[in-house]
Amino acid sequence: MEKSKPHEMAAFLLKHRGLKPSDFWSEVGFKGRVSGILAGKRPIGKEQAKKLAEFFRVRADLFL
């Protein structure tokens, strides 16, 4: 089974939970950063991965 790309996992979790990107701006940073992450144009850093993991209540390695 192939591992999902970090930005695909974030987008999947958002959609699956009925959330919008603006729902986790405070976790990752500003609007532009969230947009870049979801588009796969910005990498997710270790600290951001930890924050996303807490927000979604999943393992941080899903975003790395």
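Just so it is clear, none of the values below were taken in a lab; they were calculated from the coordinates. In this text, all values refer to a predicted model and were calculated from it rather than measured experimentally. Positions of Cβ are backbone-derived with ideal geometry, glycine not excepted, and every protein chain shown enters the neighbour counts.
Observations
- Count of residues meeting criterion [surrounded by fewer than 17 Cβ atoms within 10 Å (Cβ to Cβ), in contact with a Leu (Cβ under 9 Å, 6 or more places away or on another chain) and either among the acidic types (Asp, Glu) or under 12 Å from residue 6 (Cα atoms) (or both)] in the stretch 46-59: 1
- Note on the stretch 23-59: residues that are without any contact (Cβ under 8 Å) to a residue 12 or more places away in the chain and assigned to a helix (DSSP H, G or I) amount to 10.
- Counting the residues of the stretch 1-22 that are in a helix (DSSP H, G or I) and of a type outside the set (Gly, Ala, Ser) gives 10.
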